Amino acid sequence: MPSLPPPRAIDAGLALRRLLLRTADALLPPAAALWDRTMGVERTQVAGALAELGVADALGGNRLTAAELAPRVGADADTLHRVLRAAAVDGLVRLDRRGRFRLTRIGRTLRTDAEVPLRDWARYMALPSTQAAWGDLTASVRTGAPAFGRVHGTSVWDWFAAHPEEERLFASAMRSLTQLDAPAITAAELWPQDGTICDVAGGAGTLLAAVLEPRPRLRGVLVEAKGVLAEAEAHLARRGLRDRVELVEGSLFGELRAGADVYVLKNILHDWGDAASARILGSVRAAMAPGATLVLVEQLQDRNRPHPFASLADLQMLTQCDDGRERSAAELRALLTGAGLRPGRVERAGVSALIEGVAA
Ligand SMILES: C[S@@+](CC[C@H](N)C(=O)[O-])C[C@H]1O[C@@H](n2cnc3c(N)ncnc32)[C@H](O)[C@@H]1O
């Protein structure tokens, strides 16, 4: 698995990128720079269409024209050429004078055999259900209320339960994001060498597998919704870990039937508002024996510091989830305290942070 650079190097890289982008903007009239900012939906949909059609897999390491590619991906040749030409603007492919396209290093992450394949993330972001919620952002700003439920009449989780193919796609998309951070997260010092670790709403088990793999005496429990557990079962079996992980169907808001030394909530609290987060933490706290720990894995967002990932992810939570938001370390520690847990260590890992709470 590829390893992200240390957090300081990531911060420095992101700061330098912002500086370069600002410098590039300074060369343009401001209206041109703003016009470019309004074209995000095109970018999301171009990447999504290429991902959906499997264009990156079909291109492989070759230079091909759209006419050569189209029959392989079931596309109209002229329209595919136009979409790929737009993708070339964003650096996903290169287009030569003979009309042939080839993948760039960024475009290669859309291949299913990429080290961290972002194909399903691109497909998920471009889904009509995801985009429709984003399309109602202004109403969320007016009212302060999240968008998905207003637009679709149901929470995203109930939507997924009714649309299993989207649920599987989202689980797979989350798996890719977790893969990016997993090496840094698993290298953190707060994981035990033996005992049991319970990942609550742990998706397809990607983080659990990464923590268990180098610690042969450690066992796992994965609590998830039914549809996601099916995805997890296959994933854990592929990694040779199925016999070390107990799969438990359960709700974040019900009784947590899992005894463990360490509980994990990764990218869960950011899906929910403070009141629901307190209920989730209360369920986990009730299952914890004295001395057990809970590790929150979240991106940190300080109120007055824009962050290139967390500040946009914050709006992803606003549009897609139930009152979700990104929080600062202090806000997360306050939630832990409110649930009767003593805040412990805070460790940065990749673009995430690990925030520990200890049961007295
Ligand atoms: C943002 S994903 C995070 C998944 C995983 N922890 C990760 O980081 O890859 C949120 C997860 O919460 C699960 N979830 C949402 N509502 C739930 C509920 N009421 N009970 C159990 N799981 C739930 C979803 O199935 C989804 O896998």
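Summary of computed values
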item	result
The one condition in (1) of a type outside the set (S, T, Y); (2) more than 10 Å from the ligand (Cβ to nearest atom); (3) within 25 Å of R345 (Cβ to Cβ); (4) out of contact with any Phe, Trp or Tyr (no Cβ under 9 Å at 6 or more places or on another chain) that P164 fails to fulfil	(3)
The lone exception for E231 - which of (1) within 12 Å of the ligand (Cβ to nearest atom); (2) among the acidic types (D, E); (3) modelled with pLDDT of 95 or more it fails	(3)
Among the candidates P146, P183, residue that is under 20 Å from the mean Cα position of the chain (by Cα), within 21 Å of L252 (Cα to Cα), of a type outside the set (G, A, S) and away from the ligand (no atom under 13 Å from the Cβ)	P146
Out of D302, D323, sole residue that is on the phi > 0 side of the Ramachandran plot and surrounded by fewer than 20 Cβ atoms within 10 Å (Cβ to Cβ)	D323
Any hit, segment 210-220, residues being in the same structural domain as G324 (by TED's automatic domain parsing) and within 7 Å of the ligand (Cβ to nearest atom)	no
Odd one out for Y263 among (1) hydroxyl-bearing (S, T, Y); (2) outside any helix (DSSP H, G or I); (3) at pLDDT 95 or above; (4) closer than 30 Å to D136 by Cβ	(4)
Test for T186: is it hydroxyl-bearing (S, T, Y) and more than 21 Å from G350 (Cα to Cα)	no
Residue within segment 329-339 that is in contact with a Gly (Cβ under 7 Å, 6 or more places away or on another chain) and without any contact (Cβ under 8 Å) to a residue 60 or more places away in the chain present	yes
Qualifying residues in segment 241-277 (those that are away from the ligand (no atom under 15 Å from the Cβ) and within 24 Å of the chain's Cα centre (by Cα)) - the one nearest to I185 (Cα to Cα)	L241
Pairs, first at positive phi and assigned to a loop (DSSP other than H, G, I, E, B) in segment 231-259, second away from the ligand (no atom under 14 Å from the Cβ) and not hydrophobic (A, V, I, L, M, F, W, C), C-beta under 9 Å, six or more apart	G240/E213
A139 being closer than 14 Å to D57 by Cβ and surrounded by fewer than 20 Cβ atoms within 10 Å (Cβ to Cβ)	no
Of all residues in segment 284-334 being touching a Lys or Arg at 6+ places or on another chain (Cβ under 8 Å) and either part of a helix (DSSP H, G or I) or among the polar types (S, T, N, Q) (or both), the one that is nearest to I268 (Cα to Cα)	M317
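To keep it simple, each residue is scored yes or no on (1) in contact (Cβ under 8 Å) with a residue 60 or more places away in the chain; (2) farther than 15 Å from L236 by Cα; (3) assigned to a helix (DSSP H, G or I).
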| site | (1), (2), (3) |
| --- | --- |
| S172 | no, no, yes |
| A184 | yes, yes, yes |
| W191 | yes, yes, no |
| A210 | yes, no, yes |
| P216 | no, no, no |
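The values are calculated or read from the model by the stated rules, or taken from the named source; none is laboratory data. Predicted model, so just to flag it, every value in this text is computed and none were measured. Reconstructed Cβ throughout: ideal geometry from the backbone, glycine too, with neighbour counts over all protein chains shown.
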